[in-house]
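The values are calculated or read from the model by the stated rules, or taken from the named source; none is laboratory data. Note that this is a predicted model, so its numbers are computed, not measured. Note that each Cβ is placed from the backbone with ideal geometry, even for glycine, and that neighbours are counted across all protein chains shown. Side chains included, ligands, DNA and RNA excluded: accessible areas come from the protein's heavy atoms. Shrake-Rupley method; radii C 1.70, N 1.55, O 1.52, S 1.80 Å.
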Amino acid sequence: MIKSITALALATAISAAPMPQKEKTPEWKDMGECRITQYCCACNDGSGHESSSGKYLEYGDCACSWLPIGTEISIEGEIFTVVDICGTDAIDIFIDTNECRCNLNEYKDVRIKVK
Ligand SMILES: [Zn+2]
């Protein structure tokens, strides 16, 4: 009898405990699904590692036409920084290579960091 009451009390305590909120902390705003594409040195309109903001492009950088330069975004948990302007409505992820294999064109969950 005592054992079952303890188990019930424990179960209640567990269900009442707040869930961990690692992914959806208040500083990240959910944007829903956005189209994600890729670009590299070879398909960067002959600019190589140059970006619109002047930053040398490297992995972790991306281009977007509807978010301000410097915005940090999370694409399915991976963090990227907007440093360039994209010619399409997509979020364009920079890939550091001269051998173009840029064929990504998928909708993925995106969050933006709110400061
Ligand atoms: Zn490319």
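Side notes on the structure shown:
- Residue among Pro68, Pro18 that is away from the ligand (no atom under 16 Å from the Cβ), open to solvent by 40 Å² or more (accessible area, probe 1.4 Å) and at pLDDT 95 or above: Pro68
- Being open to solvent by 70 Å² or more (accessible area, probe 1.4 Å) and at pLDDT 95 or above holds for only one residue in Ile73, Ile93, Ile112, Ile85, and it is Ile85.
- Of all the residues in segment 86-110, those that are under 14 Å from Asp61 (Cα atoms) and outside any loop (DSSP other than H, G, I, E, B) number 5.
- Look at (1) within 16 Å of the ligand (Cβ to nearest atom); (2) over 23 Å from Glu27 (Cβ atoms); (3) not aromatic (Phe, Trp, Tyr) and you find that Asp61 fails only one, number (2).
- Extreme residue, farthest from Lys115 (Cα to Cα), among residues of segment 32-85 that are out of contact with any Leu (no Cβ under 9 Å at 6 or more places or on another chain), among the acidic types (Asp, Glu) and not in a loop (DSSP other than H, G, I, E, B): Glu33
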